[in-house]
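This report refers to the structure that appears directly beneath it.
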Amino acid sequence: MYTRPSLSEKDIPHRTKVHKEILLRARAAEVKVREALADIEGKVSFTFDTWTSNAQDPYLSVTGHYITAPKDHPHDWKLKSEQLAFTHFEGNHSGVNMANVLVRTVDRYDLRDKVCVIPITLLLPDTIALGWLVYCRQRVQQWSLSAGVENATPRPAV
């Protein structure tokens, strides 16, 4: 208001109005991504990034990568990437904490049947990576059993 004296208090949206608008647009974007992922015929690969803020709060970002092609040009592939999660979590960057976020993200976007690759960076300490692999393997087996598939064992990535 100081830089534009013609503005009055009523011309500036209230913080709650801005907050509601941000949430509305975020939900609309999530629905659009969910619909796009539901329409793909292939698999979704995941990458993630973890970091700690200056206040020592752990964060995790999950990105899904997939290939699309128009029905009339099935060989005209396009690689797409969507940020599926950006979240703060309790505790540290342990394998179990990261796996919980990844599993919730897969479930949120209904991608159980489309999971392709969950890479484990070489920068993770071995105990965290091993813990994460064991946890993910258990979850994949639970998913398979709940879907009626017996003796499911995830294959290692090639």
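Bear in mind these aren't lab numbers, they're just calculated from the coordinates by the rules spelled out. Predicted model only: the values in this text are computed from it and were never measured. When we count neighbours, we look across all protein chains shown, and the Cβ atoms used for this are built from the backbone with ideal geometry, even at glycine.
Structure values in brief
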quantity: Under 13 Å, Cβ to Cβ, from Leu23 - net charge with Lys/Arg +1 and Asp/Glu -1; calculated: +3
quantity: Reach of Lys80 by Cα under 23 Å, taken over lysines that are not fewer than 8 positions away in the same chain; calculated: Lys32, Lys43, Lys71, Lys114
quantity: Cα-projected label distance for Ile67 with Ala26, points at 7 Å along beta-carbon direction, nm; calculated: 3.4
quantity: Label-point gap, in nm, between Arg34 and Trp51 - each point 7 angstrom along Cα→Cβ; calculated: 2.9
quantity: Alpha carbon centroid spacing (whole Å) that separates segment 75-115 from segment 7-63; calculated: 13
quantity: Sequence of Leu37, Leu7, Leu102, Leu79 once ranked by neighbouring C-beta atoms within 10 Å, starting from the fewest; calculated: Leu79, Leu7, Leu37, Leu102
quantity: Proximal charge balance of Trp77 [Cβ under 14 Å; K/R count +1, D/E count -1]; calculated: +1
